[in-house]
Amino acid sequence: ILLRCVFIFQWFNTLLHIQGSRKLPGTVSLGTATIVGVFAGLLYGGSKEASASVSKDAEVMLKLGSTPDKREQYRIMRDAMEKRFIRVARGSIVGGVRLGMFTAAFYGLQNLLAEKRGVHDVYNVAGAGSATAAMFGLISETI
């Protein structure tokens with residue numbers, strides 16, 4: 001699946017290149033940057049949720065200590081592990097989507113500014129960063 005996504009992004013970049021837009025030195029491939037952003041977001045979101053669920057494990061241990069029945073202890077532990085797995089998976093997906101969208105928007109705007117201005121400099125980075133941060137600040141409460 002990863003190779004297929006990289007192939008599609010490279011094909012899209014090649015298509016844009018064929019249409020006559022030349023790539024300035026120093027600009028970043030949008031597809032590659034997006035894929036790296038998605039995977040970094042997956043790792044960050046999953047690790048954030050995994051570390052947040054440690055406090056919930058203490059509650060499960062308290063419940064286990066107060067239950068003498070082995071079957072009930074097994075059920076409580078199984079439910080806790082299922083909830084933790086779902087929470088970490090959801091955090092990974094949400095983190096990957098958020099960081100991937102942010103990365104795609106940032107590098108897309110940076111490359112657009114570089115192409116329209118004809119030069120790749122720090123003003124493109126500042127403009128793209130400001131516009132992307134403002135846009136994501138408006139559409140989400142926490143990034």
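The values are calculated or read from the model by the stated rules, or taken from the named source; none is laboratory data. The structure displayed is predicted, hence computed values, not measured ones. All Cβ positions, glycine included, derive from the backbone under ideal geometry; neighbour counts span all protein chains shown. Heavy atoms of the whole protein, side chains included, go into the accessibility calculation; ligands, DNA and RNA do not. Shrake-Rupley method; radii C 1.70, N 1.55, O 1.52, S 1.80 Å.
Summary of values
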| item | result |
| --- | --- |
| Pairs where the first residue, in the stretch 35-46, is closer than 14 Å to M101 by Cβ and the second is modelled with pLDDT under 85, C-beta under 9 Å, 6+ apart | I35/L2; I35/C5; I35/V6; I35/F9; V38/C5; F39/L2 |
| Failed condition for Y44, given (1) open to solvent by 50 Å² or more (accessible area, probe 1.4 Å); (2) over 30 Å from D121 (Cα atoms); (3) out of contact with any Asp or Glu (no Cβ under 9 Å at 6 or more places or on another chain); (4) modelled with pLDDT of 70 or more | (2) |
| Yes/no for V119 being part of a helix (DSSP H, G or I) and at pLDDT 80 or above | no |
| Answer from G118, G127 - the residue that is at positive phi and surrounded by fewer than 19 Cβ atoms within 10 Å (Cβ to Cβ) | G118 |
| Candidate set: the stretch 74-91, residues that are over 12 Å from V60 (Cα atoms) and touching a Ser or Thr at 6+ places or on another chain (Cβ under 9 Å); chosen: the one surrounded by the fewest Cβ atoms within 10 Å (Cβ to Cβ) | R87 |
| Residue under evaluation N111, criteria (1) touching a Ser or Thr at 6+ places or on another chain (Cβ under 9 Å); (2) surrounded by fewer than 16 Cβ atoms within 10 Å (Cβ to Cβ), criterion not met | (2) |
| Test for R98: is it within 16 Å of the chain's Cα centre (by Cα), loosely packed, with under 15 Cβ neighbours inside 10 Å, within 20 Å of L42 (Cβ to Cβ) and modelled with pLDDT of 80 or more | no |
